[in-house]
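The structure under discussion appears below in the form of structure tokens.
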Amino acid sequence: MITNKNIAETIALDLLNIKAVKISPDNLFTWASGIKAPIYTDNRKIVSYPKMRSLVAQQLANLIKEQFPNATVIAGVATAGIPHAALVAHLLELPMIYVRPKPKDHGTSQQIEGELPKNAEVVMIDDLISTGQSVLKAADVVKAADATVAGIVSIFDYELSISSENFEKYGAKFYSVTSYTSLIKAAEENKLISKAQYLAIKDWHHTVK
């Protein structure tokens with residue numbers, strides 16, 4: 001869910017300007033989930049642009065203050081969510097942890113890095129949401145450590161029906177800074193894609209399950 005349309009469109013255009021987004025209606029990308037898509041987003045590039053990463057961090061922090069005011073810990077989802085979680089935790093003056101995709105294969109074999117108190121109110125941060133499965137797996141790890149997942153925030157949301165269904169089934173509240181709708185609108189309005197390409201990728205979005 002997007003709460004600030006103007007900011008959503010500004011950051012969507014920033015993503016396009018730094019070439020964090022590739023659009024190719026005729027030569028589809030394959031996501032980690034296996035979905036074939038005409039668009040690929042690499043938000044890892046944001047950390048290389050100081051003004052943009054500061055804007056993104058501030059908007060993520062604003063979302064958390066507005067939607068999850070009782071949060072006591074910020075959690076980054078490895079790996080792309082970690083730098084943004086660190087920036088947000090700093091802004092909010094809250095403790096930070098991060099969650100590995102799987103336990104370490106050496107030492108203490110832990111999956112959560114940092115100090116996570118029992119009964120903590122944790123907000124998960126990921127760079128983007130497609131199906132939502134990766135962030136929900138990380139949320140399961142947090143819950144298994146006797147903490148509460150207050151909610152989830154991300155920089156970008158593909159707005160797929162499958163992610164909405166997954167979050168609803170899980171009982172997780174979710175908010176994003178910008179979205180697929182904002183992105184393709186910004187691309188078309190700034191003539192980064194043609195009208196035909198805009199319609200093609202808009203139609204694709206309606207077909208994804």
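Helix 82-92 and the long axis of the chain differ in direction by around 70°, with both axes built from C-alpha atoms. Using only side-chain charges placed at the Cβ, +1 for Lys and Arg and -1 for Asp and Glu, the dipole size of region 113-184 relative to its Cα centre rounds to 160 debye. GNM on the chain, alpha-carbon springs under 10 angstrom: the most fluctuating residue among 177, 47, 88 is 47.
Ignoring lysines fewer than eight residues from residue 191 along the same chain, the ones with Cα atoms less than 25 angstrom from its Cα are 5, 19, 22, 36, 45, 51, 202.
Inter-part distance, region 47-93 to region 177-197, computed on C-alpha centroids, equals 25 Å.
For region 53-209, what does the accessible surface come to per residue with a 1.4 Å probe? Please give it in Å².
Values: 7580 Å² over 157 residues.
Ligands and nucleic acids excluded, the result is 48 Å² per residue.
Overall, the accessible surface of the chain at a probe of 1.4 angstrom is composed of carbon and sulfur to the extent of 50 percent.
Using a 10 Å cut-off on Cβ atoms, rank the peptides 186-196, 33-43, 77-87 from the highest mean neighbour count down.
On the way: 186-196: 14.7, 33-43: 16.5, 77-87: 21.5.
Result, highest mean first: 77-87, 33-43, 186-196.
The values are calculated or read from the model by the stated rules, or taken from the named source; none is laboratory data. Predicted, not measured: the structure shown is a model, and the values here were computed from it. Glycine also receives a Cβ, built like all others from the backbone with ideal geometry; neighbour counts cover every protein chain displayed. Ligands, DNA and RNA are excluded from the accessible area calculation, which covers all protein heavy atoms including side chains. Shrake-Rupley method; radii C 1.70, N 1.55, O 1.52, S 1.80 Å.
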